[in-house]
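Have a look at the structure below, then the notes.
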Amino acid sequence: MTSTQDQSPDQSPDHAPTFPFDNSYARLPDRFFTRTRPTAVAAPRLIRLNENLARELRLDPVSLTSLAGIAILAGNTVALGSEPIATAYAGHQFGGFNPSLGDGRAILLGEVVDAHGIRRDIQLKGSGPTHYSRRGDGRAALGPVLREYILSEAFASLGVPSTRALAAVSTGEVVLRERALPGAVLTRVAQSHIRVGTFQYFAARSDVDAVRALADHVIARHYPEAAAAPNPYLAMLDGVIARQSALIARWMNIGFIHGVMNTDNMAICGETIDFGPCAFVDHYEPDKVFSSIDERGRYALSNQPAIGLWNLSRLAEALLPLLADDKAVAITSAEVSLGAYVRRYEEAYLAGLRQKLGLVEPHADDPALAQDLLDAMAAAGADFTQTFRRLAELATDTSASEKLDDLRKLFGDTTAIDLWISRWLARIAQEASTPEARAAIMRRSNPAFIPRNHLVAEAIAEAVENDDFRAFERLLQVLSRPYDDQPESARYALPPTPDQVVRATFCGT
Ligand code: AMP
Ligand code: MG
């Protein structure tokens, strides 16, 4: 169970939490990072500790909620065994290269090996200035911290690879953005925070030794099977391509728009990272953009698969000196690897769509069937998540007129959807699977509950304006079981009313 903690000090056991840190990144060469301690904040208060995740990380939730624990999560004290660092990276931001980004408002406390034997970074985000802050204050506002908490935990429950939120702490300080806002610190957990941009940082400096040291670290940590391959660095590139093509296919299957797919926001480990101006589509619009800073739609929903390839091409470029001694040979190898991306993506995307449609046996015309549904949704402005969920509800009882009407109601003019439903019924009639098995697959591929923008906005507004975290807690609770029917929470499954629609999301830095 996770819970809000606002314990008075005398109830809190005040033993400092111990972290079984083993900080492999801090053992890399000095030019990979800058040693930086978090900056203390005025009045730390725990908003929420993710107790399940704490246990998964082999941390004691009780001591994390003690005053000593909260002090660590706020950056006011540095835990024993922590070697705090801000890491260096570069990145293409909206296509333009910046050779010097780095953790401007994040500090890696260290790494722990979790209960499954997986190494995980524990990072504070919003913990004060670092060597890489440039003109920024190194801080985070409460709203974006809650947004990242909600989104990353929703992803985990949806089964989509993502960084996680271990804790959120308010600072008792204000941060100055368009206006003064309450400040907060997020404790973020990732398999690692190494990005495409981390490789680019060293490649841009022609520091091949560093690119190699980083690649060796990545292979040992994330792609151990690559070590035994004839060309380990090429195998590592293939591994990243495999994980990212699968990840972006998952995003497309749930209607998620990342919003800022800069190369510094693409994680080498294959987790979704940096929930900034991101959003889920409500009514399906393939070219939807939410981010107010994405004026040209570079990171529009339908553009994400292509941008994934663009980013991976920048990774391949950074790796060229490792791929072969001869540059022409290296380029050819990289091109072959990148050439597999589209096929991998299409396969993963189609496999996801098949599950969403309850199709177990592949047929050649499945892509057209799926695309025609998407086209009907786009033409009618039908809600993406609801359409698929209602289709899932039809799976066991295809003749239920009430359920059929629930689906048809999402479309204004029902001509196209009626035609499509008759094709789908004919198609599933050819399947050997039972309706029950089909319904089960569809229900676990088509969530009822996603972190819809208006719900996230509502939870944030209550917290920021009224210091009331009940809506945040309630939303987290609903989103922890996205595939279950929760009749008591029916309103969380609904698309926004016209006055609830969130038109744009902001970077929120
Ligand atoms: P993001 O848009 O969050 O992916 O951040 C892009 C870059 O800007 C990264 O190098 C961040 O560390 C940096 N950055 C974002 N916000 C701040 C801030 N408030 N203070 C310092 N650096 C920041
Ligand atoms: Mg970022």
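List of remarks:
- When Leu319, Leu350 are checked against the criterion of being crowded, with 20+ Cβ neighbours inside 10 Å, assigned to a helix (DSSP H, G or I), more than 16 Å from ligand 1 (Cβ to nearest atom) and of a type in the set (A, V, I, L, M), Leu319 stands alone in meeting it.
- Pair list, Cβ under 8 Å, 6 or more apart: the range 306-318 residue touching a residue at least 60 places away in the same chain (Cβ under 8 Å), other residue of a type in the set (D, E, K, R): none
This table checks each residue for (1) touching an Asp or Glu at 6+ places or on another chain (Cβ under 7 Å); (2) part of a loop (DSSP other than H, G, I, E, B); (3) farther than 22 Å from Tyr483 by Cβ; (4) at pLDDT 95 or above.
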position	(1), (2), (3), (4)
Leu124	no, no, yes, yes
His131	no, yes, yes, yes
Ala140	no, no, yes, yes
Val145	no, no, yes, yes
Ser152	no, no, no, yes
Ser157	no, no, no, yes
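- Residues within the range 90-112 that are in contact (Cβ under 8 Å) with a residue 40 or more places away in the chain, more than 7 Å from ligand 1 (Cβ to nearest atom) and either of a type outside the set (S, T, N, Q) or not assigned by TED's automatic domain parsing to the domain that holds Ala42 (or both), tallied: 13
- Conditions (1) at pLDDT 95 or above; (2) over 28 Å from Arg164 (Cβ atoms); (3) surrounded by fewer than 20 Cβ atoms within 10 Å (Cβ to Cβ): number failed by Tyr284: (3)
- Val189 vs. criteria among the hydrophobic types (A, V, I, L, M, F, W, C) and away from ligand 1 (no atom under 12 Å from the Cβ): yes
- Subset of the range 394-409 that is in a loop (DSSP other than H, G, I, E, B) and modelled with pLDDT under 95 - its residue that is surrounded by the fewest Cβ atoms within 10 Å (Cβ to Cβ): Ser399
- Residue within the range 113-120 that is within 20 Å of the chain's Cα centre (by Cα) and either within 16 Å of ligand 2 (Cβ to nearest atom) or in the same structural domain as His222 (by TED's automatic domain parsing) (or both) present: no
- Single unsatisfied condition, Glu465 versus (1) surrounded by fewer than 16 Cβ atoms within 10 Å (Cβ to Cβ); (2) touching an Asp or Glu at 6+ places or on another chain (Cβ under 9 Å); (3) outside the structural domain of Ser399 (by TED's automatic domain parsing): (2)
- Only one of Met266, Met261 that is among the aliphatic types (A, V, I, L, M), over 30 Å from Pro498 (Cα atoms), within 16 Å of ligand 1 (Cβ to nearest atom) and in contact (Cβ under 8 Å) with a residue 40 or more places away in the chain: Met266
- Each residue in the range 287-299 was checked for being closer than 26 Å to Phe411 by Cα and surrounded by fewer than 20 Cβ atoms within 10 Å (Cβ to Cβ), and 2 of them qualify.
- Scanning the range 159-174 for residues that are under 16 Å from Pro451 (Cα atoms) and either in contact with a Phe, Trp or Tyr (Cβ under 8 Å, 6 or more places away or on another chain) or not assigned by TED's automatic domain parsing to the domain that holds Thr34 (or both) yields Val160, Pro161, Ser162, Ala165.
- Lone unmet requirement of (1) of a type in the set (Ser, Thr, Tyr); (2) out of contact with any Ser or Thr (no Cβ under 6 Å at 6 or more places or on another chain); (3) not in a strand (DSSP E or B) for Ser170: (3)
- All positions within the range 281-319 that are under 20 Å from Gly270 (Cα atoms) and among the charged types (D, E, K, R): Arg314, Glu317
- None of Arg250, Arg298 is among the basic types (Lys, Arg), within 16 Å of ligand 1 (Cβ to nearest atom) and farther than 24 Å from Ala26 by Cα except Arg298.
- Scanning the range 44-61 for residues that are free of Cβ contacts under 8 Å to residues at least 60 places away in the same chain and within 24 Å of Ala463 (Cα to Cα) yields Glu51, Asn52, Pro61.
- Single unsatisfied condition, Gly95 versus (1) within 16 Å of ligand 2 (Cβ to nearest atom); (2) under 29 Å from Leu315 (Cα atoms); (3) buried (at least 22 other Cβ atoms within 10 Å of the Cβ): (3)
- Every condition in (1) within 9 Å of ligand 1 (Cβ to nearest atom); (2) over 19 Å from the mean Cα position of the chain (by Cα) is met by Ala140 except one, and the failing one is (2).
The values are calculated or read from the model by the stated rules, or taken from the named source; none is laboratory data. From a predicted model like this one, the values you see are computed outputs, not experimental measurements. Using ideal geometry, Cβ is built from the backbone for each residue, glycine included, and neighbour counts are taken over all protein chains shown.
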